[in-house]
Amino acid sequence: MICPHCTANLKRKERTGSRCGTCKKPFVFEPKDNPLALHDVKVRRLTAKLSEGGHWYTTTQLWYAAARKTNKAASNGTAGCGIVVPILIGGVLLAVGLFGDVTALAVVGVVLLLISATVIALRLAGVIKREVAVKMPLQQFRKEILGGWSRVYGQPPGGIVDEPNVRPGPPPAQPAFAILCPDPAVLACLRINEVERRFNAALAANVAGLPPATPVAVLRDASVDGEIFLATARHELSGRRVVDLGLRPRTVLAAKDPFKLRTKARDPQRVAWLKSHTDLSPRELEWLGDGWSSPVAALRPAQLLTRVQKVATHFGGAGDPARRAAAAIGFMTWPAA
């Protein structure tokens, strides 16, 4: 691990007690002791990426960013680390039994290896479904990031905002459009980055909170819940323009390195409902039905704002409020000579 203070390359024995053995200064994360393998230098890199362009980001966005590597490994793995243990034990028992002429040990070793091989085969065949989840709960992450980081460095990581601290401001008097999103972390990110002022956009967590008559852009997870949320909003807002800003399952499936989660729970009835009420492809329905999802809060602030910028330009909400007001009365709109 690299010391975040003196950049010394520290072995485990040189960083006991969460303190650098070279400069004696404390650090927050011991990568061997936390399930996301975090260390302070890695967290600094993550926060720098999230805050690119001067953007603010939320604790949840940092949580997902910190979990990306371990979740990718879990998503791409075939059997998982847990299966390695019985394979190793089975191999050792088989070897000891054969060379020590202990038949009972050899039999136990063979049984363990056969069970392991069966589990691997069933997982490869898709019979046994692996869960893919963030290995550190958000509350624990919040405590270690906001508490531990502040304790060592005197303040939270640069650019971070904890969602409970973001309060809704006054909505635009005449919004050009509205953004509908059920995720409080995404709404907090949009608010703290002044989407309402910059794009003359109203923000709402549900249909009841939307202003009347405006077109609506929906931000939601690529998940069964997200698809049902979008379909229900379109039904309830019949007669209004409703634009899907994603995340769409097809976008996640086509992405090079998407953030994915997977639940063991299956709900074929809701997937069947989506088949008859949406235009999802068979591949997307199969992906959703297999328990996969991708949270919109895993997008960086810059990615979220790029999506908002595109729809704002389309709906006439882009640009500075003063410039929009001037354009409304004809100022600076004369034709070029």
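The values are calculated or read from the model by the stated rules, or taken from the named source; none is laboratory data. Note that the structure is a prediction, hence the values are computed from the model and not measured. Glycine also receives a Cβ, built like all others from the backbone with ideal geometry; neighbour counts cover every protein chain displayed. These accessible areas exclude ligands, DNA and RNA; they are computed on the full protein's heavy atoms, side chains included. Shrake-Rupley method; radii C 1.70, N 1.55, O 1.52, S 1.80 Å.
Candidates 283, 250, 270, 266: the one that is in contact (Cβ under 8 Å) with a residue 12 or more places away in the chain and in a loop (DSSP other than H, G, I, E, B) is 266. Of all residues in the stretch 87-101, exactly one satisfies the criterion of being open to solvent by 60 Å² or more (accessible area, probe 1.4 Å) and not in a helix (DSSP H, G or I), namely 101. When 41, 84 are checked against the criterion of being surrounded by fewer than 12 Cβ atoms within 10 Å (Cβ to Cβ), without any contact (Cβ under 8 Å) to a residue 60 or more places away in the chain and hydrophobic (A, V, I, L, M, F, W, C), 84 stands alone in meeting it. Set side by side, the residues 268, 211 differ, and just one is over 25 Å from residue 68 (Cβ atoms), over 15 Å from the mean Cα position of the chain (by Cα), open to solvent by less than 60 Å² (accessible area, probe 1.4 Å) and not hydrophobic (A, V, I, L, M, F, W, C), which is 211.
If you filter the stretch 154-192 down to residues that are more than 20 Å from residue 209 (Cα to Cα) and in contact (Cβ under 8 Å) with a residue 12 or more places away in the chain, you find that the one that is surrounded by the most Cβ atoms within 10 Å (Cβ to Cβ) is 157. For residue 65, indicate whether it is modelled with pLDDT under 90 and either under 21 Å from residue 262 (Cα atoms) or not in a helix (DSSP H, G or I) (or both). Considered against the rule, which asks whether it is modelled with pLDDT under 90 and either under 21 Å from residue 262 (Cα atoms) or not in a helix (DSSP H, G or I) (or both), residue 65 comes out as no. Within the stretch 2-18, residues that are surrounded by 14 or more Cβ atoms within 10 Å (Cβ to Cβ) have Cβ atoms under 6 Å from residues that are assigned to a helix (DSSP H, G or I) in these pairs: 2/41; 4/40; 4/41, counting only partners at least 6 apart in sequence or on another chain. The combined condition, being at pLDDT below 95, basic (Lys, Arg) and assigned to a helix (DSSP H, G or I), is not fulfilled by residue 49.
For the stretch 19-38, the set of residues classified as at positive phi and surrounded by 14 or more Cβ atoms within 10 Å (Cβ to Cβ) consists of 37 only.
From the list 197, 191, 142, 130, the one residue that fits, being more than 20 Å from the chain's Cα centre (by Cα) and either assigned to a loop (DSSP other than H, G, I, E, B) or not acidic (Asp, Glu) (or both), is 197.
Flag set for residue 47, criterion: of a type in the set (Val, Ile, Thr), out of contact with any helix residue (DSSP H, G or I) (no Cβ under 6 Å at 6 or more places or on another chain) and either open to solvent by 90 Å² or more (accessible area, probe 1.4 Å) or under 22 Å from residue 305 (Cβ atoms) (or both). Taken over the stretch 137-181, the residue count meeting the criterion of being more than 30 Å from residue 240 (Cβ to Cβ) and among the acidic types (Asp, Glu) is 2. Sub-9 Å Cβ pairs linking a first residue in the stretch 222-241 that is farther than 18 Å from residue 212 by Cβ to a second residue that is part of a loop (DSSP other than H, G, I, E, B) and among the hydrophobic types (A, V, I, L, M, F, W, C), at least 6 apart or interchain, are 222/247; 223/247; 226/247; 227/280, ordered by first then second residue. In the stretch 278-324, of all residues being at pLDDT below 80 and open to solvent by less than 60 Å² (accessible area, probe 1.4 Å), the one that is farthest from residue 260 (Cα to Cα) corresponds to 324.
If I filter the stretch 105-153 down to residues being of a type in the set (Ser, Thr, Tyr) and modelled with pLDDT under 80, which single residue comes out as least open to solvent (accessible area, probe 1.4 Å)? Taking the candidates together, the pick is 116. Of the residues that make up the stretch 220-242, is at least one closer than 18 Å to residue 306 by Cα, at pLDDT 95 or above and among the hydroxyl-bearing types (Ser, Thr, Tyr)? Scanning the stretch 220-242, I find no residue that is closer than 18 Å to residue 306 by Cα, at pLDDT 95 or above and among the hydroxyl-bearing types (Ser, Thr, Tyr), so the answer is no.
Please tell me if residue 306 is free of Cβ contacts under 8 Å to residues at least 24 places away in the same chain and either in a helix (DSSP H, G or I) or in contact with an Asp or Glu (Cβ under 9 Å, 6 or more places away or on another chain) (or both). Yes.
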